[in-house]
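What follows is one structure encoded as structure tokens, with my remarks underneath.
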Amino acid sequence: HGLKGLSTRKVTHDIGYTVGTLYLVFENLDDLVTHINARTLNRLYLLLTGDEMKDLSQKECLFRLGQIYVNFAYADPHRWALIYEDHHSKDRPIPNWYKKNILQMFTVIEEVLKPLAPSHTDSEIEKGASSLWAGVHGICMLGITQKLNRVGKDYVLKLVEYLINNFLKGFAENEKY
């Protein structure tokens, strides 16, 4: 039921614990969600950095990263969406340890982009990785919520490939593919 349908009582009922026991481990429900999201991001990170990526060209690697992301979201849409439904605020800042989980996702993309555009600065690589991944995420979100003019994971994968192809053409203006 997503973040709105999550409650301490539901969680403790499903795992067979008492609410008090849950609060011995987690500060509150928000803290529990942050820990769940960290585990989800770690699962995704392991997929994005798996052995299958080692023998791919940089361009093939970007396409595979997009496929992994889309497949992950479609395989576990509730946990994937929970990452983006959880909102932090001034009263509830993102913990530093969790920021590292988030940043490592973008670092994967940055490392793939660097060799494709050696004349770009680190700042340009960082912006490029963030922009590209925001686009991949947006396509994935629109696909999962069926807000595209077509539905289905195959269509989403084609759009992601199209985005990556066109991004690379513009990102590395002087580079040849």
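For the stretch 30-53 versus the stretch 148-170, the spacing of their alpha-carbon centroids is 24 Å.
When the accessible area of the stretch 51-177 is computed with all protein chains present and a 1.4 Å probe, what percentage of it is carbon and sulfur? Don't skip to the end; give the middle numbers.
Numbers: 3960 of 7620 Å².
After summing per-atom areas, the C and S share lands at 52 percent.
Give me the number: length gained by fully extending LEU142 to GLU52, i.e. 0.36 nm times residue separation minus the C-alpha to C-alpha distance, one decimal in nm. Working shown, then result.
On the way: separation 90, 0.36 × 90 = 32.40 nm, distance 2.75 nm.
Length difference between fully extended and current span is 29.6 nm.
Take every Cα pair under 8 Å in the stretch 11-130 that's 6+ residues apart, average their separations, divide by the length, and report that relative contact order as a whole percent. Worked out over the stretch 11-130, it gives 28 percent. Packing around the peptides 11-23, 108-120, taken as the average count of other Cβ atoms within 10 Å per residue, puts them in this order, highest first: 108-120, 11-23. Diagonalising the gyration tensor over the Cα atoms of the stretch 95-177 and scaling each eigenvalue by 5 before taking the square root yields semi-axes of 24, 20, 8 Å, largest first.
Using unit Cβ charges (K, R positive; D, E negative) and no other charged atoms, how large, in debye to the nearest 20, is the dipole of the chain about its Cα centre? Write out the running numbers ahead of the final one.
Values: 21 positive and 21 negative charges, 93 e Å.
Roughly 440 debye, rounded to the nearest 20.
Taking every alpha-carbon pair in the chain and binning the separations at 10 Å intervals from zero gives 9, 32, 32, 19, 7, 1, 0 percent.
Based solely on its DSSP helices, what 222 nm [θ] is calculated for the chain when runs of n ≥ 4 H residues each add -39,500 (n - 2.57) and the sum is averaged over all residues, nearest 500 deg cm²/dmol? Value at 222 nm, helices only, nearest 500: -22500 deg cm²/dmol.
Among the trypsin sites (Lys or Arg not before Pro) in the stretch 125-171, those located in a DSSP loop and surrounded by at most 15 other Cβ atoms within 10 Å of their own Cβ are LYS147, ARG150.
With all protein chains in place and ligands, DNA and RNA left out, the 1.4 Å accessible area ranks LYS4, LYS54 as LYS4, LYS54, largest first. Helix 58-75 against the longest principal axis of the chain: what's the angle in degrees, Cα atoms only, rounded to the nearest 10? Between helix and principal axis, roughly 30 degrees.
To test your reading of the geometry: what angle, between 0 and 90 degrees and rounded to tens, separates the Cα axis of helix 122-144 from the longest principal axis of the chain? With both axes taken from Cα atoms, the answer is about 60 degrees. Computed with a 1.4 Å probe on the full set of protein chains, the accessible area for PHE167 sits at about 40 Å².
Send over a whole-number figure in Å² for the accessible area per residue of the stretch 66-177, probe 1.4 Å. List each step's numbers first, then the result.
Numbers: 6650 Å² over 112 residues.
Spelled out: the 1.4 Å probe surface of the stretch 66-177, per residue, equals 59 Å².
With the charge dipole of the chain set up from +1 on Lys and Arg Cβ and -1 on Asp and Glu Cβ about the Cα centre, the Cα lying farthest toward the positive end among the listed residues LEU44, LEU148, PRO95 is that of LEU148.
Against the longest principal axis of the chain, how steep is helix 29-48, in degrees 0 to 90 to the nearest 10, with axes from Cα atoms? Tilt relative to the chain: about 30 degrees.
The values are calculated or read from the model by the stated rules, or taken from the named source; none is laboratory data. Just so it is clear, the structure is predicted and the values come from calculations on it, not from any experiment. Glycine also receives a Cβ, built like all others from the backbone with ideal geometry; neighbour counts cover every protein chain displayed. Note: accessible area is taken over every heavy atom of the protein model, side chains too, but ligands, DNA and RNA are not part of it. Shrake-Rupley method; radii C 1.70, N 1.55, O 1.52, S 1.80 Å.
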